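Rule-based calculations on the coordinates, nothing more; no lab input. For clarity, every value in this text was computed on a predicted model and none was experimentally measured. Here Cβ is always computed from backbone atoms with ideal geometry, including for glycine, and neighbour counts include all displayed protein chains.
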Amino acid sequence: MTEMINLPDPEVDWAPATFSTQVGAGNPARQCSMFQAATEPLISLALLAVELDSVARRLRLTIEESWDGHGAIRAAFFTLDGTDFVVTHHERDPSGTYVWVRKSGPVDHAERMAVLLTALDVGSEAVSHSTWGTGTDLSRVPATWSRKRGRPVESHQRFWENFRKRPGMYVGRNTYDGVTAYLNGYDHACGGALLNGLREWLADTNQVGQNLVWWAQVVQVVFPEGRPAEPWSDDEHRQAVAGLFDLLEGFFEHLASGHGTMPESG
């Protein structure tokens, strides 16, 4: 079991985050309701070895509760230094606080994580696991993030099974861009262990350009008559995600047959 880190108490002049826009409130976090903030897609940023209640106490956040088909979820939505953050914990997840940012927000995740850690008054040792989306400069990610400190042992196969069953729990709104960005970030975080060889396999089995990134190859396979015009409809996003999942299942079966390297334990 991961050892949780205790956060310091809030500063003496910090008002509750729901009132932090008032003069003299002090608190750097400004909270909004989940009903105001839950409409936009989210990108997973990190898992902190800190209990959600401890984060809420430090930033003086109000935890809101909801549920999905798998159980209860607790969350707080807030803005910090211009970035919209969400901190959550689902009753079926391992201990810790899951950190998300809006998909439309800044892409420099290392910088955004540093902002949150500074507000929490804790170092990067609090980061148990992190993910990064497409376009992130990985050279700026703190070295300790790659050590998987205290990360629960879970196979990549188990991650894939959970992700395929409920992708919305990982990415918010279930769009093709959100799903591929999360998978690409997960693959970066585990050193390429999940998707290594996918691009070559897609090129060989589906006659798509090997010079393309894998998510562009998938679009060519799913939409052989050409990529749909932007913005995509909900049906087009669903078709692309379903096609991606079918292709990944084929790729993992290919690996399991002994023609490649099966994903190892996380």
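Structure summary
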| item | result |
| --- | --- |
| HN-Hα J in Hz across region 114-126 - Karplus 6.51, -1.76, 1.60, θ = phi - 60°, x for Gly and Pro | 4, 4, 5, 4, 5, 5, 7, 6, 9, x, 5, 5, 7 |
| Amide proton proximity set for CYS32, modelled H, under 5 Å, gap of 5+ | PHE77, PHE78, THR79 |
| Packing-based order for 55-66, 172-183, 224-235, 246-257, using average beta carbon neighbours within 10 Å, highest first | 172-183, 55-66, 246-257, 224-235 |
| Rounded to whole Hz, the Karplus (6.51, -1.76, 1.60) HN-Hα couplings of region 209-219, x for glycine and proline | x, 6, 7, 8, 5, 4, 6, 6, 4, 4, 4 |
| For region 161-259, the spread of Cα positions along each principal axis, largest first, Å | 38, 31, 20 |
